[in-house]
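Taking it in order: structure first as structure tokens, then the write-up.
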Amino acid sequence: MKAKDLAKKLGVSPATISLVLNNKPGVSQSLRHSLIEQIKNLGYGDMLAGGSHVSTPTANHGQARASIAYLIYTSCDESNDRFAFYPAVLEGAEMEARDSNYNLVVLHMGFSGNANLRQLLDNSGDVMGAIVQANNLDDAILQDVRSLDIPCVFVDSYRPDIRTSSVCVNNEQGIFSVVKYLKEKGHRDIGYVYSGWDHDSQLERRRCFHQALREFGLEDRREYYFKAGPTEDYFGLEPLEEALKKVEHMPTALVGENDRQAWRAVKALQRLGLKVPDDVSVVGFDNRSICTMIEPNLTSVKNYRHLMGRECVMLLENLRRMKKLGIGDPCVKFELPTELVERDSVRDLTKTAE
């Protein structure tokens, strides 16, 4: 197996796996030991320099560096998923941490959290802050985070009723740009394909879609909302196909809540004998690599996942700085801009009308 493929499988950057495989400094001790253990368990111990007996290297200056904890409360394996969102965020955080002379300690918490979180952080050395990756801000996760006495930043999760700092995608900007674009292309009947997965960010996109239709004077029709399927069935098409069959008048365009749902929409429409974009246009969200692997290539909304990871580290530094200045419990929401990437999946109805 190549090092870059192993990195994808383990959900870390090629640079990190290279440092671990070659027994070089620049990776926290806990992350190094975790990766070495996983590499051995997968049967790739022979890729480690010196075999399975790898010592922890020390940097030349010998001075201990502060650490940033990256807490993962999601359990799905996105390492080989072309729809994946989080690996690029983690890689960005890792790069910024290294550039800022921090170790990044990755801790997989599972959905239910970890009663020994404080002990885990104590074992990780001088932890200056935590980045929290979670689908939703539920009570168990919030209890974990609030038990810490360090700044914490959530990745793309935000609820207005909870006081937390976060770095998020500007979903409002992204969804509004899609609806505006489709209206300019002559589309008046626009549907929405959503998942059965109530991630905070995806719920926000649904709310923004309702708002955008009203803002641009378009009808918001309940029958134009299509649920793609159960959360555990990432690639199933049958529920969406059946839902599309039942609609009396097919919308001229469908907006996918993310690229996975847009991909499902394209495939389901094709199975029904409809052509994209000739019969129905489709737009995704997130601009993941699958957009250029499907025919037609998918128009989508680009967000900056590597930058999101970097901004999480920078926001932690700013929160710590504000606290030192006497700002008691600073809370910041930082939104990253989006950009519509036009490809081949949208038909221009204004040209047809002419």
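The values are calculated or read from the model by the stated rules, or taken from the named source; none is laboratory data. As the structure is a prediction and not an experimental result, all values here were calculated from the model. Positions of Cβ are backbone-derived with ideal geometry, glycine not excepted, and every protein chain shown enters the neighbour counts.
For the range 207-239, which positions are modelled with pLDDT under 95 and assigned to a helix (DSSP H, G or I)?
Residues satisfying the conditions are GLU238, PRO239.
Which ranges mark the helices (runs of 4 or more DSSP H) fully within the range 16-128 that have 2 or more residues being modelled with pLDDT under 75 and over 30 Å from CYS291 (Cβ atoms)?
Those helices (runs of 4 or more DSSP H) span 29-41.
Looking only at the range 271-290, count every residue that is of a type in the set (A, V, I, L, M, F, W, C) and modelled with pLDDT under 95 and tell me the total. So that I can check it myself, show each step before the final result.
The initial filter retains those residues of the range 271-290 that are of a type in the set (A, V, I, L, M, F, W, C), namely 272, 274, 276, 280, 282-283, 285, 290.
Filter once more, so that each one left must be modelled with pLDDT under 95: 290.
Counting residues in the range 271-290 that are of a type in the set (A, V, I, L, M, F, W, C) and modelled with pLDDT under 95 gives 1.
I'd like to check something: does the range 135-147 contain any residue that is in the same structural domain as VAL280 (by TED's automatic domain parsing), surrounded by fewer than 21 Cβ atoms within 10 Å (Cβ to Cβ), part of a loop (DSSP other than H, G, I, E, B) and without any contact (Cβ under 8 Å) to a residue 12 or more places away in the chain?
Looking for residues that are in the same structural domain as VAL280 (by TED's automatic domain parsing), surrounded by fewer than 21 Cβ atoms within 10 Å (Cβ to Cβ), part of a loop (DSSP other than H, G, I, E, B) and without any contact (Cβ under 8 Å) to a residue 12 or more places away in the chain, one finds none in the range 135-147, hence no.
May I ask you to list pairs of residues, at least six apart or on different chains, whose Cβ atoms are under 8 Å apart, with the first in the range 204-216 being under 14 Å from LYS183 (Cβ atoms) and buried (at least 21 other Cβ atoms within 10 Å of the Cβ) and the second being modelled with pLDDT of 95 or more and among the basic types (Lys, Arg)?
From residues that are under 14 Å from LYS183 (Cβ atoms) and buried (at least 21 other Cβ atoms within 10 Å of the Cβ), the pairs are ALA212/LYS180.
Can you give me the number of residues within the range 154-171 that are part of a strand (DSSP E or B) and touching a residue at least 40 places away in the same chain (Cβ under 8 Å)?
Here the count works out to 6.
Do the conditions hold for ARG260, that is, is it without any contact (Cβ under 8 Å) to a residue 12 or more places away in the chain, in a helix (DSSP H, G or I) and not polar (S, T, N, Q)?
Against the criterion (without any contact (Cβ under 8 Å) to a residue 12 or more places away in the chain, in a helix (DSSP H, G or I) and not polar (S, T, N, Q)), ARG260 does not qualify.
Regarding ASP5, is this residue surrounded by fewer than 18 Cβ atoms within 10 Å (Cβ to Cβ), at pLDDT below 85 and either part of a helix (DSSP H, G or I) or of a type in the set (A, V, I, L, M) (or both)?
yes
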